[in-house]
Each structure stands twice: as structure tokens, then as C-alpha cells.
Amino acid sequence: MSGYRCLVVVGAQWGDEGKGKIVDMLAEEAGLVARYQGGANAGHTVHVGDEEFILHQIPSGILHPGKRCLLGNGVVLDVEQFFQELDGLIARGIDAEARVGISGRAHLLLDYHKRLDHASEQARGPARIGTTGKGIGPAYEDKIARRGIRVGDLRIPERARELVIEAASAANERLRANGTELIDPARIADQLLERRARILPLMTDVGLEITRSVAAGVPVLLEGAQGALLDVDHGTYPFVTASTTTAAGAATGTGIGPTTIDSVLGVIKAYTTRVGSGPLPSEIDGELGIRLRDLGGEYGATTGRPRRCGWFDAVVARYSARVNGLTALALTKLDVLDTFKEIQIVTGYQTDAGLLDEFPDDLSLLEGARPVLETMPGWESPTQDVRSIGQLPDRARRYIARIEELTGVPIAYVGVGTKREQIIRIG
Ligand code: GDP
């Protein structure tokens, strides 16, 4: 991927596709990297040499010297966790504070949002969403209910205090209704205002910075969290996250016009995973599923939860290509399939309404869907040291070509391991 002005990197499945590593790689050529949605529920894992970095809110571009890293208005900023992450990077010798900027329009995520998250999941009982418990949903609820507190509100401390007390008191009403322990609004306001002096210098107009960067010919990367199938509108609602994860959200979530974006890279695993509840038509039950999970290390970076695993789902991939307007794919974790004798691809769903080859909006159809599988022979040889497409086993190349054919999107990168250099660049 070169020659772009403004590139969105988006998860093409249910998240955890390995976006962190791809953004880290692409950031080398970009001048600016911005996150456009989500909060500390994201967990990007990046390996640099022998070091492992887990980033929750700060774009993974921060690991490259000199890169400007911004958090757009579409993000909900978990203040405490943000500073923990920033201090962690500083302690490891990274000059993060000088390079991070936060939109004045981004909403703050405070302690009571986490309490509300737990309380509402508990109240849902078996119908719970399986959220990460980080308060993301309640923070977006407050934003839409117009009682949210924005980073820019910290400019006037008295005003910020009033807003926090108002919003925290409203949270207490909901906690009381749930029979949960209440919070102390004044304490939350004090805690936030203690952070004020450190937050204000980081505040910036993210849309303006991006627009200026693009105009100056400096490439911009817009980084999404989670994945397209968790998008609040286009995902498997209600088992979704609370924000617009798809590529169009990169414009509203940073404050640029959609025509500023010229390329969209979908990061997609060579198989499928999902964490939390909700339909997963490609899910593999039993030992085979567990083997895929263990080989792929499919345990959440934020929560440690085991992920559900399935074969590559071409129906999902095609849908994702369409709703995101993907111009290229980064196929990750091909190496995880190295030892399988046979590999399957889901090409359709058999449902009560007949055979589907387009992803439906009707969850009840998905829940009862039986996957239509195409079987391909596995390559049964290691790929971790392969660096060019020509060196890949024939059968692996055929698998890649089949995915391109089924999705209609060219594959620009193939991931063959966790390390920065374990990537095949195509074209
Ligand atoms: P993200 O949120 O999309 O960045 O995904 P996560 O960080 O939660 O999960 C990706 C995991 O897969 C991380 O541990 C990465 O180091 C790892 N990973 C990324 N690309 C590859 C790859 O091509 N092969 C293997 N084996 N692991 C990879």
C-alpha cells in the first residue's frame, strides 16, 4: 500500500484481526495516525523485536519515532487508563506525550460508565452482550443522550465540575434502579480535574491536522478498532459495539469529509474469530475449534477471554468489502493454518429461508444457519519464514487466490507470524 493520501485501516471481521501489527507496519510511511472510534476496549498487540506492547487507546503508530498520533472525536477517552498507557510508554523510553493529540470533541469515559456497564450486563442475565466491561456502551449512551462531557469542557474547571456532577448523579439514578452501589459525584469531579492540567495541552483539532497533513502530501492513516461486524449499524446488532467501526466512521470520527479518504485496507484473518455473544455461522465446535484457538493464541488482549473460532467466512468477507468499500486486504495469521490437512471456507449459509450468499440483517436466520463449506487441501508446511508470495507453498497460494476471488478484493499483505518482519508484501 503506497501512494495513498488518506488510508483507513479497518477490521473486516469481528475484531482481533491483527490491525495493530498492520498499522504499526504502515505507520513507517505515514506522517500521522489517528484513531476514529472505540475506547480502551480495543487491545492492539504489537511485537517489536523481543518486546511486546499492548495498546488500548493510543494508536500503534506511537512505536515509530516522530509520528504524530491522534485520538479523534469518535473515540471515548478513558482518562485514567489513557494516562496509565501514556506513562507506560514513557517508562519504556518512548516520547509519547509530545506526539499524542486528543480531539476537544472526544467524550470522556469516567468511572461511573464502567459501573453502569457491569450493572447493565448483570441485569441482562443470559441475554448479556458480552461487553468488555470497560464502560464504552454507557459512555456512548451519554454522548447520544447529550449529557456527555467532552475533552474541551475541561477548559473551564467550574463548568466541567457542574457537568460531571450532573452526569454522575444521573448515573446514580440508574445504578440505584439496578440495586448497585452508588458513586460519589464530587469525588469523580475532583479526580478528573486533577488530570486537567495534563490533558489540556494535548487537546487539538484532529480534523484540521489531518486535512493539513493530506494537503501537504504527508500520508495519513486512520485506525479503527474492533471490526465491521461489530459496527452499531452494520454489525450483528444487538451483539455489537456502540460505535461506527466501518470505514465511513473514520470521516465522522475524526472530522474530515469522506472524499478525503482515498483507500481502505481491510484487515482479515485467514480464519474467523469472535469474542462475546452473538451468531457466528462459521464456528467450529469440538477439538478442531480448540486446536485453531490454541494455534492462533485466540485469547483477548484486553480481557483474556477465549475467542470462538471458525473457518474463513467468505459471506462475511464479501459483506465487509461492500460496507467498508475495501480497496485491498491484509490477510493475517496464514501461518496458523500451516498444520491443517484440510482447510475449509464458508461460501454460503443454508437457512430456513433457503440458501444465502449475502450477509442478512436478520439474526434469527443467522442463528440457525448451517454453513456451506468448500474444502481445500492444506499446505502442511511452515510459512513463518516466507517473505515473498513466490516462496509460499502452491496450496497456500491457491488458498489466497480463492479468497481474492470470493471477496473480489486484492490481497496486498499476508501475515505469517507475530513479528514485525513476518509479512509478505504483494505488488
Ligand atoms: P487487533 O486488535 O486487530 O490488533 O488484534 P489483536 O492484537 O487482539 O490480535 C492479534 C494477535 O495476533 C496479536 O497477538 C498479534 O501479535 C498476532 N498476529 C498478528 N498478525 C499475525 C500473523 O500474521 N500471524 C500470527 N501467528 N499472529 C499474528
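For this structure, a couple of remarks:
- Placing a pseudo-label 7 Å from each Cα along the Cα-to-Cβ vector at Tyr299 and Gln84 gives an inter-label distance of 1.9 nm.
- Ratio of Rg to Rh over segment 296-427 (Cα coordinates, Kirkwood Rh, two decimals): 0.98
- Most fluctuating residue given options Leu200, Leu355, Leu70, as computed from a GNM of the chain linking Cα atoms under 10 Å: Leu355
- Nearest 10 degrees, 0 to 90: helix 79-91 Cα axis against the chain principal axis: 70 degrees
- Directionally averaged projected area (convex hull, Cα atoms, segment 156-214), nm²: 5.8 nm²
- Spin-label model, Asp205/Ser381: points 7 Å from Cα along the beta carbon direction are separated by 5.8 nm.
- Contour minus Cα-Cα distance for Arg124 and Ile144 (0.36 nm per residue): 5.1 nm
- Per residue accessible area in Å² of the chain, where ligands, DNA and RNA are left out and the probe is 1.4 Å: 40 Å²
- Surface composition of the chain: carbon plus sulfur atoms hold 49% of the accessible area, using a 1.4 angstrom probe and ignoring ligands, DNA and RNA.
- The chain: proportion of alpha-carbon pairs further apart than 34 angstrom, %: 30 percent
- With contacts taken as Cα pairs under 8 Å and at least 6 residues apart, segment 219-274 reaches a relative contact order of 24 percent.
- Alpha-carbon centroid distance for the pair segment 223-245 / segment 384-427, whole angstrom: 27 Å
- Placing unit charges on the Cβ atoms only, positive for Lys and Arg and negative for Asp and Glu, gives the chain a dipole magnitude near 620 debye about its Cα centre.
- Between Thr259 and Glu287, the FRET efficiency from the beta-carbon distance, with R0 = 41 Å, is close to 0.25.
- Straight-line reach from Lys19: taking Cα to Cα under 12 Å and skipping same-chain neighbours fewer than 8 places apart, the aspartates and glutamates in range are Glu223.
- Proximal aspartates and glutamates relative to Lys341, as straight alpha-carbon distance under 16 Å, when same-chain residues fewer than 8 apart are discounted: Glu287, Glu374, Glu380, Asp394
- What the Cα convex hull of segment 340-385 gives, in volume per residue, is 103 Å³.
- Seen against the Cα atoms of the chain and their longest principal axis, helix 394-407 is set at about 60 degrees.
- In degrees, nearest ten, helix 206-215 long axis to first principal axis of the chain (Cα): 50 degrees
The values are calculated or read from the model by the stated rules, or taken from the named source; none is laboratory data. What you are looking at is a predicted structure, and each value in this text was computed from that prediction instead of being measured. As a convention, Cβ positions derive from the backbone with ideal geometry for all residues, glycine included, and neighbour counts pool all protein chains shown. Heavy atoms of the whole protein, side chains included, go into the accessibility calculation; ligands, DNA and RNA do not. Shrake-Rupley method; radii C 1.70, N 1.55, O 1.52, S 1.80 Å.
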